[in-house]
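Inspection log for the structure reproduced underneath, given as structure tokens.
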Amino acid sequence: MTSTLKGPGEAKKYDGSALRIGIIHARWNTKLISALLDGTLKTLKAHGVRDENITIQSVPGSYELPLAAQKMYTASQQQSQSSILGGGAAGGLVSAAQDLLGGSTTDLTSLPKTSSDQGSSSGETQKSTTKGLQQPFDAIVAIGALIKGSTMHFEYISDAVSHGLMKVQLETGVPVIFGLLTLLTEEQGLERAGLDEGKKMHNHGEDWGAAAVELGVKRKGWGEGVFVE
Ligand code: DLZ
């Protein structure tokens, strides 16, 4: 990564091996999204986050990101509670109660849930793997790329999604990493996804993966009254 004035500075390397991370990404502007997703995964893994502890889901466009992030978090809590109670009838009761109290999560729980979800249309469902951590997500990365067109669409969606993601993280208390590019031109997107010929910038997904690990580790500390630096 080149050193410039702008940017988060040299990140301390946090240990992500005890973290469970959710990634929600839009499918609009797929070329950018897939590079940004790769960048995010690269740094998550470089920080020790294991494959089986990363759950990836997709939604059509960025507008869907806040709701999906919120519901993914609820689903991860549901999985965690079911696993504590050993699943089966008790787990089923917990799920049913959460459905009544927290609104239905049926839409997301009926979709694939692990990093093997790459837009399968088979409707195949996957429960939390027994290999992976059974805790709720420690951080969620929301990835999207909005490109300005000739109408006000871009302004409305950028604003709604930014506020929506902030609301989700403050209401759930789980860090939601802001992986939304709000682009005036396609070229800006290629640069920020590390895809431009001149390699003007690095892949911003790499920053998002590192931010997810740092916030995941710090939040665990805060929960225990410890300030991890
Ligand atoms: C409709 C639309 C447009 C025009 N542009 C984008 C975009 O640049 N990036 C993006 O992520 N999504 C776009 N969308 C789709 C909306 O986010 C949303 O999926 C639809 O309006 C359906 O709610």
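A few comments on the model shown:
- Placing R0 at 22 angstrom, the Cβ-Cβ distance between Lys31 and His153 gives a FRET efficiency of 0.65 after rounding to 0.05.
- Hull shadow area, averaged, region 1-73 [alpha-carbon convex hull, nm²]: 6.0 nm²
- Given their separation in residues at 0.36 nm each and the Cα-Cα distance between them, Glu229 and Glu52 gain 61.1 nm when the chain is fully extended.
- Bridgeable aspartates and glutamates around Lys71 (alpha carbons under 15 Å apart, same-chain partners fewer than 8 residues away excluded): Asp99, Asp107, Asp138, Glu171.
- Going from the residue with the fewest nearby Cβ atoms within 10 Å to the one with the most, Thr182, Thr40, Thr30 rank Thr30, Thr182, Thr40.
- Taking only the Cα atoms of region 121-229, the radius of gyration and Dmax are 17.2, 49 Å.
- Separation of the Glu187 and Leu85 label points, Cα + 7 Å toward Cβ, nm: 5.7 nm
Every number in this text was worked out from the coordinates using simple rules, so none of it is lab data. Everything numeric here is computed off the predicted structure, so don't read it as measured data. Note that we place each Cβ from the backbone using ideal geometry, even for glycine, and neighbour counts take in every protein chain shown.
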